[in-house]
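S.K.: Have a look at this one before I ask anything.
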Amino acid sequence: MKVPAISLLAGLLFGAGLTVSGMADPARVRAFLDLFGAWDPTLAFVMAGAMMPMAIAWLIQKRMPKPIACDAFDLPGTSLLDARLLGGASLFGVGWGIAGLCPGPALADLAIAPFEAGIFVVAMLAGMIVHRITTK
């Protein structure tokens with residue numbers, strides 16, 4: 001029961017952070033991406049502010065023999081840039097720019113604007129299913 005409770009707490013903290021920082025507000029995200037119009041730089045400060053705690057977490061993780069709630073770390077490896085990665089990143093960026101949402105904020109927005117976020121989440125899940133069906 002320890003791991004699900006920690007996961008729930010981490011998810012709630014992440015969702016609260018997205019909401020408080022404005023990253024769950026599609027209008028603010030689109031304004032941040034509008035570099036040549038009415039650009040809103042506030043999300044750049046949010047992203048820059050998130051880098052310091054993450055850098056500290058990496059330093060702490062390197063010194064830990066194992067995680068607190070698991071037997072071992074399950075960290076992804078690095079991979080080279082390839083067509084799939086570039087295509088996926090481009091598709092993600094276009095979707096983020098059009099909708100003003102990405103997966104984390106979309107799930108958080110289900111509590112705030114369920115209809116609008118729900119359309120995005122359904123499309124996101126459909127894309128995940130298509131990806132699973134069409135790849136090895």
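FYI, it's all coordinate maths here, none of it is from the lab. Model, not experiment: these values are computed from the prediction. Backbone-built Cβ (ideal geometry, glycine too); neighbour counts: all protein chains shown.
S.K.: In which sequence would 8, 75 go, from the one with the fewest C-beta neighbours within 10 Å to the one with the most?
M.R.: Fewest-to-most Cβ neighbours within 10 Å comes out as 75, 8.
S.K.: Just to confirm a number: summing +1 for Lys and Arg and -1 for Asp and Glu over residues other than residue 56 whose beta-carbon lies under 12 angstrom from that of residue 56, what do you get?
M.R.: That sum, taken over residues with Cβ under 12 Å, equals +2.
S.K.: Order by neighbour count: 42, 134, fewest other Cβ atoms within 10 Å first, most last.
M.R.: Going from sparsest to densest Cβ surroundings: 134, 42.
S.K.: Only helical DSSP H runs with n ≥ 4 go in: add -39500 (n - 2.57) per run for the chain, normalise by residue count and round the 222 nm mean residue ellipticity to 500 deg cm²/dmol.
M.R.: Helix contribution divided over all residues of the chain: -23000 deg cm²/dmol.
S.K.: Here is a further query. Quick one, which of [x] 0.94; [y] 1.06; [z] 1.21 is the actual Cα Rg over 2.2 N^0.38 Å calculated for this model?
M.R.: Correct label is [z].
S.K.: Taking the Cα centroid of region 21-40 and of region 99-126, what is the distance between the two, rounded to the nearest whole Å?
M.R.: Computed from Cα coordinates, the inter-centre distance equals 17 Å.
S.K.: Kindly express, to the nearest 10 degrees and within the range 0 to 90, the angle between helix 42-63's C-alpha long axis and the longest C-alpha principal axis of the chain.
M.R.: Taking Cα atoms only, the helix is inclined about 20 degrees.
S.K.: Angle, helix 83-99 long axis vs. longest principal axis of the chain, Cα atoms, 0 to 90°, nearest 10?
M.R.: 60
S.K.: Rounded to the nearest 20 debye, what is the charge dipole size of the chain about its Cα centre when +1 sits on each Lys and Arg Cβ and -1 on each Asp and Glu Cβ?
M.R.: 480
S.K.: Separate question: Where the centre of each part is set by its Cα atoms, how far does region 67-91 sit from region 45-62, in angstrom?
M.R.: Cα centroid of region 67-91 versus Cα centroid of region 45-62: 17 Å apart.
S.K.: Of 29, 72, 100, which is farthest along the charge dipole of region 2-134 in the positive direction, counting Lys and Arg as +1 and Asp and Glu as -1 at C-beta?
M.R.: Among 29, 72, 100, the one farthest towards the positive end of the dipole of region 2-134 is 72.
S.K.: How big is the charge dipole of region 1-69 about its Cα centre, in debye rounded to the nearest 20, if each Lys and Arg gets +1 on its Cβ and each Asp and Glu gets -1 on its Cβ?
M.R.: 480
S.K.: Within region 70-128, list the chymotrypsin sites (Phe, Trp or Tyr not before Pro) lying in a DSSP loop whose Cβ has at most 14 other Cβ atoms in a 10 Å radius.
M.R.: 73
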